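All of the numbers you see were taken from the coordinates with simple rules; none came from a lab. Quick caveat, the model's predicted, so the values are computed rather than measured. Cβ coordinates were reconstructed from backbone atoms using ideal geometry, including for glycine residues, and neighbour counts include every protein chain displayed.
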Amino acid sequence: MARYHEKRLRGMVKALAGAGIVAMLLSGCGSSPEEMVQSARGFLEKNDPKAASIQLKNALQENPGLAEARFLLGRVHLDQGDVPSALKELKRASELGYSADQVTPLLARAMVMGGEGKEMIEQFANTSLGDPASQAQLQATLGEAYLGTGAPDKAEERFRDAARDAGARDRAELGLARLSAGKRDLEGALSQVEGILAHSPKYVDALLFKAALLNAREEPAKAAEAYSAAIAIEPSAVAPHFELVSLLLRDRKFDEAAEKLKAMQAAVGKDNAQAVYLQAYLDFSQGRMKPAQESIERVLRVAPNYLPARLLAGAIYLRTGDILQAQGHLNSVLAVAPRQLVARRLLVGAHLAARETDRAADVLQPLLKDYADHADVMSLAGQVYLAKGDFARSSEYFAKAVELDPKDASARTRLGISRLASGDSSSAFSDLEAAAEMDDDRIQADVALVMSHLRRGEIDKASEALGRLEKKQPDNPLVSNLLGAVMLGKGDLPKAREAFERAISLKADYLPAVTNLARLDLADKKPEEATKRFERLIEANPKLVDAYVALADLNIAVGRPADDARKVLDRGLSANPGSLPLKIALVRHELRGGDPKAALTIAEEAQAAAPNDAVVLDVLGRTQLAAARPEQAVATFGKLAGLRPDVPAVLLMLAQAQLATKNASGAELSLKKALALKPDLIEAQRLLMALRAQAKDEAGALALAAEVQKQRPKAATGFLMEGDYLLSQKKFAPAAASYRRAMQLEPSAQAVVKLHAALTAAGKNQDADREAEAWLRKQPKDLTVRGYLAEAQLRKGDYAKAAQVYKGMLTIAPGNALVQNNYAWAAWKAGDPKAMSYAEEALKTAPDSPAILDTVAMIQLESGEGDKAIANLKRAVEKAPKAVPIILNLARAYAKTGKADEARALLGQLERDFPDAAAVKKEIAAIRGTL
């Protein structure tokens, strides 16, 4: 907001402290509404607006149609800075026929102060009032409106017109002074405002503008004097208090600001929205996020168009990690004030926090144009391009930031990190070392040095850098945690443990150190010790949400029953009701366990609690897809796309949901929108290719593949896509040619598999096998191609050959339980009598694997060991309660062993759980036919 628009800062709500008692004293006297209005005039003459307001409200309670009462109450509200209420009353007074000469100038001012300058111009630009003084006031207000909407020439015309009237001259001259300031003539503007104050020393608006000019000249002490003088003249005026407290906050004089804010609250009321805004600002500045958020939300409920509140809300939500809310508020500011530096910088930061690097770069561009000599902007640009992976440009901007402000340690730190990323390690380490020496308090540069040396395997240099860091902050748990990492790099596990333990002794709930110790426990095959660590952490801090998530993940990693992880997350929610991260973790847990219905219930609860949270909406949409609710997923991702129209990943998910509803045209439109935002979004390109293949649009498909090839000239991606399309159209020879080109660019197991498939489909089996054999000679330990060849034999029904391939794979990966299981299954199908021993060997490797238990059980069932088979299948189902193939095998085992009732009960439950799954219904019918 421009500094010369102090009056617009009054657009707030003012509460009447203690009004209830005064109202009772003033009412009940038997007065008529007209007498109450007369009494209110008397209170206004005595400068008692609170008492006048009560009388006017009492009068209107008895006679809502009193136009004069509406007008006077609107004037009181306007003087007290309650613009929304002023607008309401003045508009009603106008509707009731109150004198246009009196109501129009005030209504026009209220509209400008309430952020409705454009609307006011449209309504009153051509209005002519009968009273010359009123017309002059209206002209001055129109000048202020034109000034605020970026039309200085029209503003000057209106101000000069208004200056002809003595009553409006001060306002008009002040407007002209503001025009001078807008032209960066601060000295001229100050001279003009001093001239106004010479003949009108108690003109508060002039004092406020003088203070603003002094502040612009970096004379905050003199500015504070001017604000204090304005307060002395009008103690109940909101703007002087507001500006004085704001000045102190900007100068980080928090104690003095708090004192002056208390004085403001006493003068204008604690519930005055501008006072509430300043309280939010003070809380935010001192790191009290929760009260800051509560206060700013109160302000926005009554003044949603107040840009400073929107800006502060954006900063608060960004700090608390609510990126979607932050972006919404900051975009609202930039829609009205596109050159607002702070809002644009914060919005760039919000997009970076959301990993939307392309969008961050787009939002950044106006800053690069307007603030090329601003060190902070150059540093921000460096961060954006570092996140995008453009290390050369990143280093260029960071270097410029250092050039503009050589003493900025943080900029030099980032320059070092950027140079590391680009491979310029010698300059990078010099920058980081210089930054570490420049800043005795901050440790960012030191941490970056240690981490960079660790990543490069330079353990001794990391240890040396850590020594300097320890001298700066010896009692920081982060430092002890880094020491543990250095000790791990040296292979000294006891000292690593000791360092991690010290980090926890410094801060009992320091999760990174607890996690590192748990990893060491797991490496020592002591999962119970790891579990106890997280349990102690949760006991010490039951509000530490991430600890519950980490413990649940640990339970899954060590193969404990799925219900154990569920119980941990439930405990977390009991201690942290409504925690979205825990609910999201629970949703993902249920999806991982194969229970999309349970996941959907939890996701819907999360969405009800946070209807516009981007992460929650994304999880809900994905869960709806998993639960076979594609129409709902379309609605969810559609809503998310409305909230985040500039995020291509959202449009990609919307397209996937639309495809699930067979809405190919809608999906194509969403994909094209995503590609308009990010032309090289490969996931969108692949989906679009699938759509074109489905539509048999060969020209479109090949054009898309060519576009991908052009975007990635050294990558195999475009040729693999081209080959996939041609293969789907049964054009085997051209497909093979595309795959060969992919192999030339980027040899990979994936390309070999695809080339083998194309050649086989073309009837060139020998050529296909030669390609696979050539690859395996170069990559003898490749399991992907070998696994593909085994599956190819399985598809042909040649189980013996498949078993041979799996046996060969086991010489490469002898402890691979998946390969052991596949070997056992193929050997069993080939009639190998040793198949059971192979399966049992696999079970020793992974005793709780549902897939291996299933294989063992099916071999047992075929061997006549029905009871053992059922026992193992029950164990498998217990481990994977939603694995439908295993449940079907258990039903088959029941049927084969004469347990018809158990089979029917199990099949009935499956039918209820999967009412819409045609493949499941078919299997159920087949098993029932054997009962």
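Observations on the structure shown:
- Compared with the dominant Cα axis of the chain, that is its longest principal axis, helix 238-250 is turned about 50°.
- Were the residues from Asp798 through Gln365 laid out at 0.36 nm apart, the gain over their Cα-Cα distance would be 149.7 nm.
- Quotient of the Cα radius of gyration of the chain and 2.2 N^0.38 Å, N being its number of residues: 1.23.
- Mean separation of Cα contacts under 8 Å (6+ apart) over length of the chain, as relative contact order %: 4
- Between the listed residues Gly314, Tyr385, Ala69, the Cα displaced farthest toward the positive end of the dipole of the chain, a dipole computed from Cβ unit charges relative to the Cα centre, is found at Tyr385.
- For region 848-931, the relative contact order works out to 23 percent when only alpha carbon pairs closer than 8 Å and six or more residues apart are counted.
- Geometric extent, Cα atoms of region 285-355 - Rg, Dmax (angstrom): 11.3, 33
- Using alpha-carbon coordinates, inclination of helix 341-353 to the longest axis of the chain, degrees: 10
- Positive-end ranking of Ala258, Ala151, Leu681 along the dipole of the chain, with charges on Cβ about the Cα centre, is headed by Leu681.
- Calculated on C-alpha atoms, the gyration radius of region 548-674 divided by its Kirkwood radius gives an Rg/Rh of 1.03.
- Links that overshoot a 18 Å alpha carbon limit, given the list Lys781/Lys807; Lys730/Lys754; Lys46/Lys260; Lys710/Lys778; Lys754/Lys829: Lys46/Lys260; Lys710/Lys778; Lys754/Lys829
- Taking the longest Cα principal axis of the chain as reference, the axis of helix 511-523 is set at about 0 degrees.
- Of Thr104, Thr515, Thr855, Thr661, the sequence from fewest to most neighbouring Cβ atoms within 10 angstrom is Thr661, Thr515, Thr104, Thr855.
- Its Cα centre serving as origin, the chain has a Cβ charge dipole (Lys and Arg +1, Asp and Glu -1) of approximately 2600 debye.
- Kirkwood-Stokes translational diffusion coefficient of region 103-226, alpha-carbon pairs, 25 °C, 0.890 mPa s, µm²/s: 168
- Computed about the Cα centre, the dipole magnitude for region 848-931 is approximately 140 debye when only Lys and Arg (+1) and Asp and Glu (-1) carry charge, each at its Cβ.
- Cα-Cα separations in region 490-595 greater than 22 Å, expressed as whole percent: 32
- A dipole drawn for the chain from +1 and -1 charges on Cβ atoms has a positive end, and of Leu106, Ala749, Ile504 the residue lying farthest that way is Ala749.
- Helix-derived mean residue ellipticity, 222 nm - over the chain, DSSP H n ≥ 4, -39500 (n - 2.57), to 500: -24500 deg cm²/dmol
- Here the 3J(HN,Hα) profile of region 311-324, calculated from phi with Karplus coefficients 6.51, -1.76 and 1.60 at θ = phi - 60°, is 5, 5, 4, x, 5, 5, 5, 5, 5, 8, x, 8, 5, 4 Hz, Gly and Pro shown as x.
- Taken along its principal axes, the alpha carbon cloud of region 848-931 reaches lengths of 32, 26, 17 Å, longest axis first.
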